[in-house]
Amino acid sequence: MIVTTKELFQQAYGKYAIGAYNINNLEQIVGLFRGNLGKTASNEEASDAATSAPFIIQISRGARTYTDKAFLEGMIRTAEQVFPDSIFAVHLDHGTEEVCYDCIDSGFYSSVMIDASHEPFDKNVEIVKKVVDRAHAKGIVVEAELGQLGGVEEDVVGSVKLTDPAQAAEFIERTGCDSLAVAIGTSHGAFKFSGTQGLHFDVLEKIQAAVNAVKPNFPLVMHGSSSVPKEWVERINNAGGALKNASGVDENQYFPAAKLGVTKINIDTDGRLVWCAIHREFFRDKPAEFDLRAPGKIFMPAYAEYIIHKNQKLGSAGHLEEVRKALKK
Ligand code: G3H
Ligand code: 13P
Ligand code: ZN
């Protein structure tokens, strides 16, 4: 069942974070649903430990243009039928105004992100407000961003600018957005920290206090949250990869962040590392193999296991039935 991120956030706020996973192809979609749903009649490959979790599927502009965007919609609608117990939101990641309108009009997306964080404050407010008005008229919810992460956000190269708590409060009031992505020390990609840096919990606490003073229980979003696990990086490098000095967010910081109002945690890079390690090892170990399904059969359960592990760290594991009950009320 496709729901809005807002409906998921209302259940999760202050208790756990919902995993927002970027997808690009069929194998990722199958692994994602298996990891979240567990064993069902049509899912006999799943691990017994699968997590029964609500989740968010994120589609970036790059994912929409990798093939025709209609393929993603078709595959996700099929997954919804194959896994009828699933509860998830379909969310546009880092949208421009134009792509947001396309998604709002599509009837498929339940949530969009308008990313105008590179614009000056007033311009950011103006753009977000326009998207909010169009989205809310159709029952679609909007994530906006204030502050700038390090690294690259799609085609915008960012220099770090942590979110200002007072500005955050003004921003959510003036725009009417439903959730806010904040910059608290993370960055996109596999090279987040050069030393022992981490999340700025002091800034997060101040943002939570400031936004809650104007809108209680207002959901915050953390982008750039991959943990870039050493074991996956090592497997990639041992199979011919060249990821030197890769590093990510400590997974044990997800739950403390959730307690401070971070209700959506964005993870893309880690899934790519799983894909890369499995495929590099496969072709290293089986140089005579050329059936594309053979590595896919290893990748899908590995991806499901990775989702299970993440949901446990996010605290979303085991909350599916509780969310279903709340949605029925
Ligand atoms: O934040 C960006 C996401 O990781 C999406 O990446 O634009 O390469 O699909 P992408
Ligand atoms: P990572 O690169 O840390 O996976 O972040 C993904 C993200 O923020 C997608 O919007
Ligand atoms: Zn992001």
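Within segment 298-324, the set of residues being among the charged types (D, E, K, R) and at pLDDT 95 or above comprises Lys310, Lys313, Glu322, Arg324. Taking the condition part of a helix (DSSP H, G or I) and of a type in the set (Val, Ile, Thr), does Val203 pass? Spelling it out, Val203 is indeed part of a helix (DSSP H, G or I) and of a type in the set (Val, Ile, Thr). When we screen Asp85, Asp164 for residues that are buried (at least 18 other Cβ atoms within 10 Å of the Cβ) and out of contact with any Pro (no Cβ under 9 Å at 6 or more places or on another chain), the only hit is Asp164. Restricting Ala302, Ala326, Ala288 to residues that are surrounded by fewer than 22 Cβ atoms within 10 Å (Cβ to Cβ), out of contact with any helix residue (DSSP H, G or I) (no Cβ under 8 Å at 6 or more places or on another chain) and not aromatic (Phe, Trp, Tyr) narrows the list to Ala288. Gly107 meets each of the listed conditions (1) away from ligand 3 (no atom under 16 Å from the Cβ); (2) closer than 24 Å to Ile18 by Cβ; (3) in contact (Cβ under 8 Å) with a residue 12 or more places away in the chain apart from (3). Filtered by the rule that a residue be within 13 Å of ligand 2 (Cβ to nearest atom) and of a type in the set (Ser, Thr, Tyr), segment 253-287 gives Tyr254, Thr269. Going by the structure shown, is Val99 at pLDDT 95 or above and closer than 29 Å to Phe255 by Cβ? The answer is no for Val99. Is it true that some residue in segment 126-145 is under 28 Å from Pro229 (Cα atoms) and either without any contact (Cβ under 8 Å) to a residue 60 or more places away in the chain or in contact with a Lys or Arg (Cβ under 8 Å, 6 or more places away or on another chain) (or both)? Yes, segment 126-145 has at least one match.
Has segment 288-307 got any residue that is more than 16 Å from ligand 2 (Cβ to nearest atom), of a type outside the set (Lys, Arg) and under 18 Å from the mean Cα position of the chain (by Cα)? Yes, the conditions are met somewhere in segment 288-307. Count of segment 199-244 residues, restricted to those that are surrounded by fewer than 17 Cβ atoms within 10 Å (Cβ to Cβ) and touching a residue at least 60 places away in the same chain (Cβ under 8 Å), is 1.
Selection of segment 186-200 for residues being part of a loop (DSSP other than H, G, I, E, B) and either over 13 Å from Leu260 (Cβ atoms) or of a type in the set (S, T, N, Q) (or both) yields Thr186, His188, Gly189, Ala190, Lys192, Phe193, Ser194, Gly195, Thr196, Gln197, Gly198.
Just one residue in the set Val112, Val142 is within 16 Å of ligand 1 (Cβ to nearest atom), buried (at least 18 other Cβ atoms within 10 Å of the Cβ) and among the β-branched types (Val, Ile, Thr); that residue is Val112.
Considered as a group, the residues in segment 167-190 that are among the small types (Gly, Ala, Ser) and more than 16 Å from ligand 2 (Cβ to nearest atom) include one that is surrounded by the fewest Cβ atoms within 10 Å (Cβ to Cβ), and that residue is Gly176.
The values are calculated or read from the model by the stated rules, or taken from the named source; none is laboratory data. Since the structure is predicted, the reported quantities are computational estimates derived from the model, not experimental observations. Positions of Cβ are backbone-derived with ideal geometry, glycine not excepted, and every protein chain shown enters the neighbour counts.
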